[in-house]
Amino acid sequence: MTTRKRHIISILLQNEVGALTRVAGLFSTRGYNIESLNVAPTDDPTVSRLTLVTTGTDAVVSQIVNQSLKLVDVVNVDDVTRDQHVERELLLLKLRLGTSQVGAVRAAVERAGGRILADDVESFLIELTDSESQISRFIAHMAQFGEVLEVVRSGALAVLRGAQTLHVD
């Protein structure tokens, strides 16, 4: 039996109209959901880095990676979860707190390595960067102190460890 697992795919693509649509279409036509998607320019303004998270078997994701390379706007592709990598996600969390909870929340944010962006008890705003699993645990922990008003997550960003890079060939 083949196991479906989480994959982080990094794609370098030309900054062209429709490039993102073509890449997303490749996943959807094969019945694979994109769990998170981030796109931003690289140091080269003509090339963007797209990072997406999906779940699938190694064989199918490898096939999608190979087929992505055939798209006209795609410069390079890698499944970074195949190698050692660093993965981070950004969280912006807005809470409504009781005045008595502020101290405990401040301490929890400090222990987690986060920052408080606004300390109004009606809209207490926290920023945290960590792994997807740690972000999820942090949100659950903060829900114990007050009402979660809003959760904004970037989704995973990842880069390979060591000298290997995803670059324009």
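Summary table
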read-out: Helix 19-29 vs. the chain, principal-axis angle (Cα, 0 to 90°, nearest 10); value: 90
read-out: Computed accessible area, Val60, all protein chains, 1.4 angstrom probe, square angstrom; value: 40
read-out: Point-charge dipole on Cβ atoms (K/R +1, D/E -1) for region 1-52, about Cα centre, debye to 20; value: 400
read-out: C-alpha long axis of helix 102-112 to longest principal axis of the chain, angle in °; value: 30
read-out: Span from the region 61-80 Cα centroid across to the region 139-156 one, whole angstrom; value: 34
read-out: With Cα atoms, 0 to 90° folded angle of helix 58-68 axis to the chain main axis; value: 70
read-out: Accessible surface of region 32-137, 1.4 Å probe, proportion on carbon and sulfur as whole %; value: 48
read-out: Accessible-area ranking of His7, His167, His85, largest first, probe 1.4 Å; value: His167, His85, His7
read-out: Val121 accessible area, assembled protein chains, probe 1.4 Å, Å²; value: 40
read-out: Taking the chain and dividing mean pair separation by its residue count, relative contact order in percent (alpha carbons under 8 Å, at least six apart); value: 28
read-out: Probe 1.4 Å, all protein chains present, accessible-area order of Ser131, Ser100, largest first; value: Ser100, Ser131
read-out: Ranked order, Glu35, Glu132 - accessible area, probe 1.4 Å, largest first; value: Glu35, Glu132
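The values are calculated or read from the model by the stated rules, or taken from the named source; none is laboratory data. Quantities reported herein were computed from a predicted structural model and do not represent experimental measurements. Neighbour counts are summed over all protein chains in view; Cβ atoms, including those assigned to glycine, are modelled from backbone coordinates with ideal geometry. Just so you know, the surface numbers come from the protein's heavy atoms only, side chains and all, with ligands and any DNA or RNA stripped out. Shrake-Rupley method; radii C 1.70, N 1.55, O 1.52, S 1.80 Å.
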